[in-house]
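Notes to accompany the following structure.
The values are calculated or read from the model by the stated rules, or taken from the named source; none is laboratory data. Small disclaimer: the values here were computed from a predicted structure and weren't measured. Using ideal geometry, Cβ is built from the backbone for each residue, glycine included, and neighbour counts are taken over all protein chains shown. When the accessible area is computed, the model is the full protein with side chains, heavy atoms only, and any ligands, DNA or RNA have been set aside. Shrake-Rupley method; radii C 1.70, N 1.55, O 1.52, S 1.80 Å.
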Amino acid sequence: QVQLVESGGGLVQAGGSLRLSCAASGSIFGIANMGWYRQVPGKQRELVATITSGGSTNYADSVKGRFIISRDNGKNTVYLQMNSLKPEDTAVYYCKMDSAGGWLLGWGQGTQVAVSS
């Protein structure tokens, strides 16, 4: 079973930046599709950004132009660069791995991001 470990969360002022990392175990990272999701208490987990094994990206409208998802297959790691952070970006951020066929392979444990106004 794949293991995903997020890091890089923390407290930042509005307008600031953070970079999240998600390190994956195993040997299939290079052919897997990766995604970042976030969740606040009482709400459903929502998609933030995804990146395919080929490098195609997709973003939620709320983060377009501010967040950038990228991957380093040599390090089995996916990143989320978050710029111009807003208080409404406050959430627990989760990393997700899917197979090329769309099967869920695993979730990370989450990392807390808090943006103060």
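If you average the C-alpha positions of segment 19-67 and of segment 77-117 separately, how far apart do those two centres end up, in angstrom?
Answer, in whole Å: 6.
Modelled label-to-label distance, residue 43 and residue 7, 7 Å Cα→beta-carbon offset: nm?
Each label point is offset 7 Å from its Cα along the Cβ direction, giving 2.8 nm.
How large are Rg and Dmax for the chain when only the alpha carbon atoms are used, in Å?
Final numbers for Rg and Dmax: 13.4, 41 Å.
Share of the chain's accessible area from carbon and sulfur, percent, 1.4 Å?
Looking at the chain in its full context, I get 50 percent from C and S.
Please list the three semi-axes, largest first and in whole Å, of the ellipsoid equivalent to segment 1-50, using sqrt of 5 times the eigenvalues of its alpha carbon gyration tensor.
Ellipsoid semi-axes (Å, largest first): 24, 15, 10.
For residue 83 and residue 112 in the same chain, what is the full-extension length gain: residue separation times 0.36 nm, less their Cα-Cα distance, in nm?
That works out to 8.9 nm of additional length.
Which whole-number value in Å² is the accessible area per residue of the chain, probe 1.4 Å?
Accessible area per residue: 52 Å².
Let me see the P(r) profile for segment 64-114: every Cα-Cα distance counted, bins of 10 Å, each bin given as a percent of all pairs.
In order of increasing distance, the bins hold 20, 48, 29, 4 percent.
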